[in-house]
1. Between a residue in segment 6-31 that is open to solvent by less than 80 Å² (accessible area, probe 1.4 Å) and among the charged types (D, E, K, R) and any residue that is assigned to a loop (DSSP other than H, G, I, E, B) and at pLDDT below 75, which pairs come within a Cβ distance under 9 Å, given they are 6 or more apart or on different chains?
2. Any residue at all in segment 109-122 that's at pLDDT 55 or above and closer than 30 Å to residue 49 by Cβ?
3. Can we say residue 62 is closer than 30 Å to residue 144 by Cβ, modelled with pLDDT of 65 or more and in contact with a helix residue (DSSP H, G or I) (Cβ under 7 Å, 6 or more places away or on another chain)?
4. Can you work out which of the residues in segment 123-148 that are hydroxyl-bearing (Ser, Thr, Tyr) and within 14 Å of the chain's Cα centre (by Cα) is modelled with the highest pLDDT?
5. Pairs under 6 Å by beta carbon, first residue surrounded by fewer than 16 Cβ atoms within 10 Å (Cβ to Cβ) in segment 39-50, partner outside any helix (DSSP H, G or I), six or more apart or different chains?
Amino acid sequence: MLFDLIENKPIKELLYFSFVGLFVVTFWRGIWTICSTWLYPSNIEHSGWASIGIGYGGLILYYIINILYKYMNVSEVLNLNTNKQKVDDIGNSIVNIENKTDADTGIDIPMKDNICIKIKRHLNTLYLGFCVINCWRGIWFLEDYYIYPNNIPLSGWITIFCGGIVLIIINRFQSILAPPVVELSDDDFGATE
């Protein structure tokens with residue numbers, strides 16, 4: 001990878017996070033803009049509720065399917081002779097199958113390098129990203145619509161304080177660093193010590 005060529009760790013991390021951050025924001029902006037064009041472009045309230053439905057509905061559907069899939073016999077469904085089958089997390093139910101034995105040669109094929117597994121991972125990420133962006137967009141639009149829409153600065157201060165206070169109370173303030181699907185505990189980072 002490009003970043004592996006840089007030996008100075010602080011410079012490497014700065015470039016990495018700046019570079020990745022730029023393109024994450026670019027991707028998010030693209031999804032957000034397409035949704036703003038297609039989902040009730042002239043009605044912020046309907047657009048917000050549509051995004052909430054798409055975002056949270058899509059996440060619920062994804063997790064239900066993955067929970068059901070987790071309990072299916074993956075080897076039978078995929079017709080694989082697997083040496084190891086490990087479920088790391090709900091989002092990658094079958095991604096961690098280590099290898100598959102080729103029926104003709106008897107040679108183990110590393111599944112982590114299998115193009116189908118890589119495509120599945122990217123499609124999962126794309127789907128979840130689309131849902132997460134719609135969650136953010138829906139909440140944002142509805143807060144713009146319902147919380148002092150004629151006084152944007154006051155609306156902003158209210159949402160900062162309400163959101164911040166609730167996150168501190170439930171010990172999840174560091175979650176402001178991540179999308180709504182990711183939950184980071186303050187205890188995981190030693191912030192409350």
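1. Short answer, once both residue conditions are applied: 12/6.
2. Yes, segment 109-122 has at least one match.
3. Yes; evaluated as a whole, the condition is true for this residue.
4. The selected residue is 127.
5. 46/40
The values are calculated or read from the model by the stated rules, or taken from the named source; none is laboratory data. Given the structure is predicted, the values throughout are model-derived calculations rather than measurements. Because the Cβ atoms are built from the backbone with ideal geometry, glycine has one as well, and the counts that use them run over all protein chains shown. With ligands, DNA and RNA removed, areas are computed over all heavy atoms of the protein, side chains included. Shrake-Rupley method; radii C 1.70, N 1.55, O 1.52, S 1.80 Å.
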